[in-house]
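Structure first, then comments.
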Amino acid sequence: MKTFAKIILVVSVWPLALLMRPCFALAVLVLGRDRAAAGLSQRVARAPGVFGEYLRRAVLGYGLARVGRDAVVSFGTIFSKASAEVGDRVYLGAYGVFGDVRIGDDTLIGDHVCIPSGAAQHGISRLDVPIREQAGEYRAVRIGCDCWIGSGAIVLADVGDHAVVAAASVVTHPVEPYKIVAGNPAREVGDRRDREPATRDA
């Protein structure tokens, strides 16, 4: 029954997704790929419910570099870079803001998480030129496989496989695989490999 419901949802969103594709192609020609992708993600961000999740997966599948199998992009979440990649079975919570990210398979990202294109998007060294006119550096931020990024986190540096970032943390330096970090700026507070596996009651 669940599989049948998925098929119905996929079939129901595809006509709308296909109708939006020519508009996206035109926007790419006029505005460039990044602005077109940002506009596309904004357009579908407010589609509600499960229908919205399936619509976002279908539409962002051609707007972004990659949206993996069974990925969930929740209500209100937007992307600003067409080069963003979302792996298989990734969950992105509501109202996220993502730039040039590479998110590995099976990663969970909570609500209101911000992962822009690195920490140096705006130059600030010159005092005689407004910050908005100074050259910055945009870079891809990589989030590994099987990670958990808590709600409200801001991630400005890479996060290794199997790592955990606590809610409301600000990641300013790379996080090694399996590490648990928390705080502003985020610091290591544990290692997943040191934790005893949960046991199930018999």
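The values are calculated or read from the model by the stated rules, or taken from the named source; none is laboratory data. Values in this document were obtained by computation on a predicted structure and should not be read as measured data. With ideal geometry, Cβ positions are generated from the backbone for all residues, glycine too; neighbour counts draw on all protein chains shown. Protein only, heavy atoms only, side chains kept; ligands, DNA and RNA dropped before computing areas. Shrake-Rupley method; radii C 1.70, N 1.55, O 1.52, S 1.80 Å.
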Solvent-accessible heavy-atom area per residue, rounded to whole Å², over the chain at 1.4 Å: 57 Å²
Length-normalised contact order of the chain in % [C-alpha pairs under 8 Å, at least 6 apart]: 11 percent
Stokes-Einstein D in µm²/s, Kirkwood radius over Cα pairs - segment 116-170 at 20 °C with 1.002 mPa s viscosity: 168 µm²/s
Cα pair distances exceeding 11 angstrom across segment 64-107, given as percent: 60 percent
Top positive-direction residue, dipole computed over segment 61-167 with Cβ charges, set I78, Y91, V165: I78
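What do the square roots of 5 times the Cα gyration tensor eigenvalues come to for segment 1-90, in whole Å, largest first, as semi-axes of the equivalent ellipsoid?
22, 14, 11
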Per-residue ³J(HN,Hα) for segment 27-36, Karplus 6.51 cos²θ - 1.76 cosθ + 1.60, θ = phi - 60°, Hz, x for Gly and Pro: 4, 4, 5, 7, 10, x, 5, 5, 5, 5
Carbon plus sulfur fraction of accessible area for the chain, probe 1.4 Å, in percent: 58 percent
Derived scalar couplings ³J(HN,Hα) [segment 137-146; Karplus, 6.51 cos²θ - 1.76 cosθ + 1.60; whole Hz; x for Gly, Pro]: 10, 9, 9, 6, 9, 9, 10, x, 7, 6
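Mean separation of Cα pairs under 8 Å and 6+ residues apart, divided by the residue count of segment 49-148: what relative contact order is that in percent?
21 percent
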Cα convex hull volume per residue for the chain (Å³): 130 Å³
Under 5 Å, built H, 5+ apart or other chain: amide partners of I143: R102, I103, G104, V159
Alpha-carbon centroid distance for the pair segment 69-97 / segment 106-184, whole angstrom: 15 Å
Whole-number percent relative contact order across segment 141-182, with pairs defined as alpha carbons under 8 Å at least 6 apart: 37 percent
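Given the Cα-Cα distance of C114 and E137 and 0.36 nm per residue of separation, how much length would full extension add, in nm?
Working: separation 23, 0.36 × 23 = 8.28 nm, distance 1.74 nm.
That pair, C114 and E137, stretches by 6.5 nm at full extension.
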Binned Cα-Cα distance frequencies in segment 20-69 - 5 Å width, integer %: 5, 23, 32, 24, 12, 4, 1
Ellipsoid equivalent to segment 86-202 - semi-axes via the Cα gyration tensor, in Å: 30, 15, 12
For segment 84-99, Karplus couplings with θ = phi - 60° (6.51, -1.76, 1.60), whole Hz, Gly/Pro x: 4, 10, 10, x, 5, 6, 7, 10, 10, x, 6, 6, x, 10, 10, x
